[in-house]
Amino acid sequence: MVPMSAESGTALEQVGRAASHGAADRERLFFALWPAPRTAMALHALACRQAVGTGGRVTRKDSIHLTVAFLGDVPVGRIEALLSPPPGLAAPAFTMAIDQVGHWVRNGIVWAGPSAVPAALSALHARLSDWVASQGIALDTRPFRPHVTLLRKAPRGELAEFRAPIDWQVTEYVLVRSGPRAEGSRYETIGRFPLGPLNPTDADPS
(Lines give C-alpha, C1' and ligand atoms only; values in the text may rest on other atoms or scores of the structure.)
Protein backbone atom coordinates (compact mmCIF):
# COMPACT_ATOMS: atom_id res chain seq x y z
CA MET A 1 0.00 0.00 0.00
CA VAL A 2 1.27 3.47 -0.89
CA PRO A 3 0.15 6.49 1.19
CA MET A 4 -2.01 8.97 -0.67
CA SER A 5 -0.04 11.73 -2.38
CA ALA A 6 -0.79 15.36 -1.55
CA GLU A 7 0.15 18.65 -3.16
CA SER A 8 3.64 18.61 -1.65
CA GLY A 9 4.70 15.05 -0.97
CA THR A 10 3.15 12.02 0.68
CA ALA A 11 0.99 12.31 3.78
CA LEU A 12 3.74 10.76 5.89
CA GLU A 13 6.29 13.31 4.64
CA GLN A 14 3.89 16.11 5.52
CA VAL A 15 3.49 14.74 9.04
CA GLY A 16 7.25 14.64 9.43
CA ARG A 17 7.63 18.21 8.21
CA ALA A 18 4.91 19.42 10.57
CA ALA A 19 6.63 17.80 13.54
CA SER A 20 10.02 19.26 12.58
CA HIS A 21 8.50 22.75 12.46
CA GLY A 22 7.21 22.56 15.99
CA ALA A 23 3.61 21.58 15.19
CA ALA A 24 1.68 19.17 17.42
CA ASP A 25 3.34 15.76 17.68
CA ARG A 26 0.02 13.91 17.44
CA GLU A 27 -2.53 13.47 14.66
CA ARG A 28 -6.21 12.60 15.10
CA LEU A 29 -6.86 9.51 12.97
CA PHE A 30 -9.59 6.99 12.19
CA PHE A 31 -10.22 4.11 9.81
CA ALA A 32 -13.39 4.52 7.77
CA LEU A 33 -15.47 3.54 4.79
CA TRP A 34 -15.70 6.39 2.26
CA PRO A 35 -18.55 6.25 -0.26
CA ALA A 36 -18.17 6.55 -4.01
CA PRO A 37 -19.60 9.81 -5.44
CA ARG A 38 -22.97 8.31 -6.38
CA THR A 39 -23.49 6.86 -2.88
CA ALA A 40 -22.28 10.06 -1.23
CA MET A 41 -24.78 12.02 -3.32
CA ALA A 42 -27.64 9.76 -2.22
CA LEU A 43 -26.65 10.02 1.45
CA HIS A 44 -26.33 13.81 1.19
CA ALA A 45 -29.79 14.03 -0.38
CA LEU A 46 -31.13 11.93 2.51
CA ALA A 47 -29.51 14.34 4.97
CA CYS A 48 -31.11 17.31 3.27
CA ARG A 49 -34.56 15.66 3.43
CA GLN A 50 -34.12 14.93 7.13
CA ALA A 51 -32.99 18.49 7.86
CA VAL A 52 -36.46 19.82 6.96
CA GLY A 53 -37.95 18.21 10.07
CA THR A 54 -34.98 18.07 12.42
CA GLY A 55 -33.01 21.25 11.75
CA GLY A 56 -29.27 21.11 12.35
CA ARG A 57 -26.16 21.27 10.18
CA VAL A 58 -26.04 18.96 7.16
CA THR A 59 -22.81 17.00 6.71
CA ARG A 60 -20.96 18.12 3.61
CA LYS A 61 -21.14 15.64 0.75
CA ASP A 62 -17.35 15.29 0.59
CA SER A 63 -17.20 14.51 4.33
CA ILE A 64 -19.78 11.72 4.50
CA HIS A 65 -18.25 8.50 5.85
CA LEU A 66 -18.74 5.56 8.19
CA THR A 67 -16.14 5.21 10.95
CA VAL A 68 -14.87 1.65 11.41
CA ALA A 69 -12.30 2.34 14.15
CA PHE A 70 -11.58 5.68 15.83
CA LEU A 71 -7.95 5.93 16.92
CA GLY A 72 -7.98 9.36 18.52
CA ASP A 73 -4.78 11.40 18.85
CA VAL A 74 -1.93 9.18 17.65
CA PRO A 75 1.78 9.98 18.12
CA VAL A 76 3.34 10.93 14.78
CA GLY A 77 5.97 8.21 15.21
CA ARG A 78 3.31 5.48 15.04
CA ILE A 79 1.60 6.59 11.85
CA GLU A 80 4.00 4.80 9.49
CA ALA A 81 3.04 1.42 10.97
CA LEU A 82 -0.66 2.23 10.57
CA LEU A 83 -0.10 2.82 6.86
CA SER A 84 0.97 -0.82 6.43
CA PRO A 85 -1.72 -3.11 7.87
CA PRO A 86 -1.06 -6.83 7.41
CA PRO A 87 -2.53 -8.33 4.19
CA GLY A 88 -4.74 -10.78 6.08
CA LEU A 89 -6.53 -8.01 7.90
CA ALA A 90 -9.06 -7.14 5.20
CA ALA A 91 -12.46 -8.78 5.03
CA PRO A 92 -14.16 -9.49 1.69
CA ALA A 93 -15.75 -6.64 -0.22
CA PHE A 94 -19.47 -6.35 0.45
CA THR A 95 -22.65 -4.45 -0.29
CA MET A 96 -24.38 -2.72 2.62
CA ALA A 97 -27.98 -1.49 2.63
CA ILE A 98 -28.40 1.82 4.43
CA ASP A 99 -32.06 1.51 5.32
CA GLN A 100 -32.78 3.28 8.61
CA VAL A 101 -32.39 6.71 10.19
CA GLY A 102 -32.37 7.83 13.80
CA HIS A 103 -31.88 10.81 16.09
CA TRP A 104 -29.63 10.77 19.14
CA VAL A 105 -31.27 13.44 21.24
CA ARG A 106 -28.45 13.91 23.76
CA ASN A 107 -25.87 14.99 21.19
CA GLY A 108 -28.22 16.19 18.44
CA ILE A 109 -26.99 13.70 15.82
CA VAL A 110 -29.22 12.49 12.98
CA TRP A 111 -27.74 9.33 11.50
CA ALA A 112 -28.34 6.64 8.89
CA GLY A 113 -27.19 3.05 9.01
CA PRO A 114 -27.87 -0.59 8.15
CA SER A 115 -30.57 -2.45 10.05
CA ALA A 116 -28.57 -5.63 9.31
CA VAL A 117 -24.82 -5.14 9.78
CA PRO A 118 -22.89 -7.13 7.13
CA ALA A 119 -20.72 -9.87 8.62
CA ALA A 120 -17.76 -8.54 6.60
CA LEU A 121 -18.09 -5.11 8.24
CA SER A 122 -18.21 -6.63 11.72
CA ALA A 123 -15.14 -8.72 10.86
CA LEU A 124 -13.26 -5.68 9.53
CA HIS A 125 -14.02 -3.72 12.69
CA ALA A 126 -12.89 -6.58 14.94
CA ARG A 127 -9.68 -7.25 13.01
CA LEU A 128 -8.76 -3.58 12.78
CA SER A 129 -9.44 -3.06 16.48
CA ASP A 130 -7.28 -6.03 17.49
CA TRP A 131 -4.43 -4.96 15.20
CA VAL A 132 -4.50 -1.31 16.29
CA ALA A 133 -4.48 -2.41 19.94
CA SER A 134 -1.42 -4.55 19.18
CA GLN A 135 0.30 -1.34 18.05
CA GLY A 136 -0.17 0.10 21.54
CA ILE A 137 -3.08 2.41 20.63
CA ALA A 138 -6.11 2.36 22.92
CA LEU A 139 -9.50 2.31 21.19
CA ASP A 140 -13.01 3.19 22.27
CA THR A 141 -14.45 0.10 23.95
CA ARG A 142 -18.11 0.94 23.36
CA PRO A 143 -20.10 -1.49 21.16
CA PHE A 144 -19.69 -0.95 17.42
CA ARG A 145 -22.75 0.87 16.03
CA PRO A 146 -22.01 1.51 12.35
CA HIS A 147 -23.64 4.72 11.16
CA VAL A 148 -23.24 7.73 8.91
CA THR A 149 -23.68 11.15 10.55
CA LEU A 150 -26.18 13.07 8.41
CA LEU A 151 -26.71 16.15 10.60
CA ARG A 152 -25.21 17.67 13.73
CA LYS A 153 -26.83 19.98 16.30
CA ALA A 154 -30.29 18.82 15.24
CA PRO A 155 -32.75 20.07 17.89
CA ARG A 156 -35.80 18.11 16.74
CA GLY A 157 -36.47 14.44 16.06
CA GLU A 158 -39.09 14.80 13.32
CA LEU A 159 -37.57 12.27 10.92
CA ALA A 160 -38.74 11.99 7.33
CA GLU A 161 -39.86 8.62 6.02
CA PHE A 162 -37.05 6.53 4.53
CA ARG A 163 -38.00 6.23 0.85
CA ALA A 164 -35.74 3.38 -0.28
CA PRO A 165 -32.55 1.66 0.90
CA ILE A 166 -29.25 3.09 -0.32
CA ASP A 167 -26.98 0.28 -1.51
CA TRP A 168 -23.34 0.99 -0.70
CA GLN A 169 -20.80 -1.29 -2.37
CA VAL A 170 -17.69 -1.35 -0.20
CA THR A 171 -14.41 -2.35 -1.85
CA GLU A 172 -11.85 -0.59 0.37
CA TYR A 173 -11.30 1.12 3.70
CA VAL A 174 -9.22 4.24 4.36
CA LEU A 175 -7.08 5.86 7.05
CA VAL A 176 -8.13 9.45 7.61
CA ARG A 177 -6.57 12.44 9.34
CA SER A 178 -9.03 14.82 11.03
CA GLY A 179 -8.47 18.49 11.87
CA PRO A 180 -10.70 21.42 12.83
CA ARG A 181 -11.88 24.21 10.55
CA ALA A 182 -14.54 26.89 10.85
CA GLU A 183 -17.27 25.02 8.94
CA GLY A 184 -16.59 21.64 10.60
CA SER A 185 -13.90 18.98 10.69
CA ARG A 186 -11.43 18.75 7.82
CA TYR A 187 -10.74 15.21 6.64
CA GLU A 188 -7.73 14.05 4.63
CA THR A 189 -7.33 10.48 3.40
CA ILE A 190 -3.73 9.39 3.96
CA GLY A 191 -4.03 5.68 3.13
CA ARG A 192 -6.27 3.37 1.08
CA PHE A 193 -6.51 -0.38 1.59
CA PRO A 194 -8.44 -2.78 -0.70
CA LEU A 195 -10.80 -5.41 0.63
CA GLY A 196 -10.83 -8.97 -0.64
CA PRO A 197 -12.86 -10.26 -3.62
CA LEU A 198 -16.58 -9.60 -3.48
CA ASN A 199 -18.64 -12.56 -2.32
CA PRO A 200 -20.98 -13.41 -5.24
CA THR A 201 -23.94 -13.47 -2.86
CA ASP A 202 -23.19 -9.84 -1.90
CA ALA A 203 -22.87 -8.51 -5.46
CA ASP A 204 -25.10 -5.72 -6.63
CA PRO A 205 -27.59 -7.32 -9.04
CA SER A 206 -27.75 -4.13 -11.09
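The values are calculated or read from the model by the stated rules, or taken from the named source; none is laboratory data. Treat the numbers as computed from the prediction; the structure is a model and nothing was measured. Quick reminder, even Gly has a Cβ in these numbers, built from the backbone with ideal geometry, and neighbours come from all protein chains shown. Accessible surface is based on the protein model in full, side chains and every heavy atom, while ligands, DNA and RNA are left aside. Shrake-Rupley method; radii C 1.70, N 1.55, O 1.52, S 1.80 Å.
Hey, any idea what the orientation-averaged projected area of the convex hull of the range 47-206's Cα atoms comes to, in nm²?
That works out to 10.4 nm², a quarter of the Cα hull's surface.
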Margin query: Rolling a 1.4 angstrom probe over the protein chains, ignoring ligands and nucleic acids, what is the accessible area of Glu172 in square angstrom, nearest 10?
Written below: 60
Notebook entry, point to check: Taking only C-alpha pairs under 8 Å that are 6+ residues apart, what is the relative contact order of the range 53-206 in percent?
Noted result: 35
Notebook entry, point to check: In nm, to one decimal, how far is the modelled label at Gln169 from the one at Arg142, with both set 7 Å along Cα→Cβ?
Noted result: 3.3
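Kirkwood hydrodynamic radius, computed over distinct alpha-carbon pairs, for the range 55-111: how many Å, to one decimal?
Values: mean 1/r = 0.0649 Å⁻¹.
Hydrodynamic radius (Kirkwood, Cα pairs) of the range 55-111 is 15.4 Å.
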